[in-house]
1. So what's the net charge close to Glu88: Lys and Arg +1, Asp and Glu -1, counting the other residues with Cβ under 13 Å from its Cβ?
2. Between Ser135 and Arg115, what's the calculated FRET efficiency when r is the beta-carbon distance and R0 is 45 Å? Round to 0.05.
3. Of Glu43, Glu90, how do they rank once you tally other Cβ atoms within 10 Å and put the fewest first?
4. So if R0 is 25 Å, what FRET efficiency would Glu124 and Phe28 give, r being the distance between their Cβ atoms, rounded to the nearest 0.05?
5. Among Tyr148, Tyr91, Val114, whose Cα sits farthest toward the positive end of the charge dipole of region 50-190 (+1 at Cβ of Lys/Arg, -1 at Cβ of Asp/Glu, about the Cα centre)?
6. Using the alpha-carbon atoms, what tilt in degrees (0 to 90, nearest 10) does helix 2-18 show relative to the longest principal axis of the chain?
7. Which value, in debye to the nearest 20, describes the size of the charge dipole of region 41-97 about its Cα centre when Lys and Arg Cβ atoms bear +1, Asp and Glu Cβ atoms bear -1, and nothing else is charged?
8. Where in region 71-93 is the amide nitrogen less than 17 Å from a point lying 7 Å along the Cα-to-Cβ axis of Thr152?
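Bear in mind these aren't lab numbers, they're just calculated from the coordinates by the rules spelled out. Predicted model only: the values in this text are computed from it and were never measured. All Cβ positions, glycine included, derive from the backbone under ideal geometry; neighbour counts span all protein chains shown.
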Amino acid sequence: MFRYLKMYLLGITTILFSLSVSAHPHIFVDGYYSVIVNSTSVEEIEAFWLVDELTSTSIIMGYDLDFDGQITGQEKEELIVAFDSFKEQEYFLKIEKDGQRLLPYHVLIADLQVRNEQLWLRLEIILPDRINLQSSTLSLAFGDDTMYTAVTPDQAGLIQLSGKDAESCTLTTRLSEEITIDSWSALRCY
């Protein structure tokens, strides 16, 4: 019985992830980047997602096999594999150095949890090269070109800074001209 229920819910979840709808988003995510500035350059950043309640509930129902409201152990491993399907969309990461598109060297789903009944993810992002923030501007945004997933900035802002040299940095935000991106934040340190 549980096996069939799991297969049914897994099928629903798979459909949610794989639908290609261009009219409007079906998954809503609050997201932000975390940049630790302990020197004038960075080569690794993190991104955090909080998935909307409706989508989170559907996904949790499909993967929470022991019905404890949490995703742990094998459940977590399987769900991370499912979220890896967003690799094709580059995890909706938009990264630029001095206005030029920059593709991450590596992206890893480092953590996945249920927080207040919503899915929360932490992505570790390794940049292809170390970026000197005194001589270059790092710009970050989220955007889904398929318009299936809407990732909007967290209430605290799109980029959250920490580290001993964070006070030497300036963040500027601009609305995006691209329909699939809410806004860009640019980081520069002096």
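1. That works out to -3.
2. The formula returns an efficiency of 0.75 here.
3. Ordered by Cβ neighbours within 10 Å, fewest first: Glu43, Glu90.
4. Approximately 0.60, to the nearest 0.05.
5. Working it through, the farthest residue towards the positive pole turns out to be Tyr91.
6. Taking Cα atoms only, the helix is inclined about 40 degrees.
7. I would put it at about 200 debye.
8. The answer is none.
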